[in-house]
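To start, the structure itself, in structure tokens.
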Amino acid sequence: MAGIKVELPQLVGLAVAEATILSLAAGLIAAAAAQTLQRRADGWTDYFGPSPFLLTAALILLLMVVPLRTILSHLGIDIESPSGSLSGLLVYLIGYVAMVHFLVVRTGALSWHDVVRPRQLALGRDDVSIGPMGPISDEDRLNATPAAERLFKDVGWALLLLIPVIVATVLLLALLMTALGLTEHDIAPSSPVPAATSFLDRLYTLVAVAVVAPIGEEIFFRGFATNAWARSLKRHRAILQAGLFFAFIHLINVDLGDPGTALRVAVVAFGGRIPVSMALAWLYVRRRSIYASGALHSAYNGTLVILSWIAASSVP
């Protein structure tokens, strides 16, 4: 970037780049661990674990180090294929779970029960009602509900929100694309869903985007990040911050393409994910359940993929 030409063999240059990224990731992980120790020593009671921003940066760097494309190519798998996409998301899933387990759960900042069924979240104005024996919080009411009934209601809430979220997403995308002068041709390269024609490829794609991706992202971005912010911030601010952060982080996977349209594509990609990002954060906090947000996430991804297949098959 400075105009200095470094004559290094390809493998040496790759090794230097990998070592540099790995060192940065190690530094961020050490900072996250130190932050947890310091917050605990300072007497933080709401949440004393590492910052979601810090842990996300460390995770991204660690995943960059994994030579996934090279490994899959040696196995005869194209990273751009449905099976390659599924393999990549499985690696991401391992990274999500490992990061939360070793730097959040093992440190005692959160338990896996807190990740799945969060407790001690900031209450909103509609979270407390007056019962016969006095004030009753939604948390107490949910905990008193039988597990099967609570799970049924979690999924019901997710399905109830599915259509409004999809409609809001489509309308917002259309509005942004019109305002920024973009077409479907400009947005197409940023689609993370690989082309699938055979039944097996479609099965790989559906499992990847509707099962594997939601599990990993829900554990990390709802069970950890949203949970952490909802313990230490006011409820509405936590939902807003978690929603915007989740929408923004997806820009990493966007192929910006032509520099002339890169910024506009990024704005559309970010804005188009805001409805579902906000809905997922709100549902997780409101229902205090990763099953609720996970069901909405899975149904949303799966529905969009199936709709894209239907639209592609109807084109002559």
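The values are calculated or read from the model by the stated rules, or taken from the named source; none is laboratory data. The structure displayed is predicted, hence computed values, not measured ones. Note that we place each Cβ from the backbone using ideal geometry, even for glycine, and neighbour counts take in every protein chain shown. The accessibility values were calculated without ligands, DNA or RNA, using every heavy atom of the protein model including side chains. Shrake-Rupley method; radii C 1.70, N 1.55, O 1.52, S 1.80 Å.
Which condition breaks for residue 154 when tested against (1) modelled with pLDDT under 80; (2) under 22 Å from the mean Cα position of the chain (by Cα); (3) surrounded by 15 or more Cβ atoms within 10 Å (Cβ to Cβ)? Among (1) modelled with pLDDT under 80; (2) under 22 Å from the mean Cα position of the chain (by Cα); (3) surrounded by 15 or more Cβ atoms within 10 Å (Cβ to Cβ), residue 154 violates only (1). Within segment 221-229, none of the residues are farther than 19 Å from residue 175 by Cα, basic (Lys, Arg) and modelled with pLDDT under 95. Here's a check for you: in segment 25-58, which residue that is β-branched (Val, Ile, Thr) and in a helix (DSSP H, G or I) is farthest from residue 115 (Cα to Cα)? Checked segment 25-58; the qualifying residue farthest from residue 115 (Cα to Cα) is 29.
The set of residues in segment 64-89 being in contact (Cβ under 8 Å) with a residue 40 or more places away in the chain, open to solvent by 30 Å² or more (accessible area, probe 1.4 Å) and of a type in the set (S, T, N, Q) consists of 83 alone. Output yes when any residue across segment 249-258 is more than 11 Å from the chain's Cα centre (by Cα), open to solvent by 40 Å² or more (accessible area, probe 1.4 Å) and modelled with pLDDT of 95 or more, and no when none is. No, every residue in segment 249-258 fails to be more than 11 Å from the chain's Cα centre (by Cα), open to solvent by 40 Å² or more (accessible area, probe 1.4 Å) and modelled with pLDDT of 95 or more. Once segment 166-206 is narrowed to residues that are of a type in the set (Val, Ile, Thr) and surrounded by fewer than 17 Cβ atoms within 10 Å (Cβ to Cβ), the residue that is modelled with the highest pLDDT is 167.
Here 61, 22, 103, 11 are screened, and the one residue that is free of Cβ contacts under 8 Å to residues at least 40 places away in the same chain, not in a loop (DSSP other than H, G, I, E, B) and not acidic (Asp, Glu) is 11. The single condition from (1) open to solvent by 60 Å² or more (accessible area, probe 1.4 Å); (2) of a type in the set (D, E, K, R); (3) under 28 Å from residue 218 (Cβ atoms) that residue 42 fails is (3).
The one condition from (1) in contact (Cβ under 8 Å) with a residue 12 or more places away in the chain; (2) closer than 24 Å to residue 176 by Cα that residue 288 does not meet is (2). Remark: residue 92 matches the filter, which requires a residue to be open to solvent by 40 Å² or more (accessible area, probe 1.4 Å), hydroxyl-bearing (Ser, Thr, Tyr), out of contact with any Lys or Arg (no Cβ under 9 Å at 6 or more places or on another chain) and at pLDDT 85 or above.
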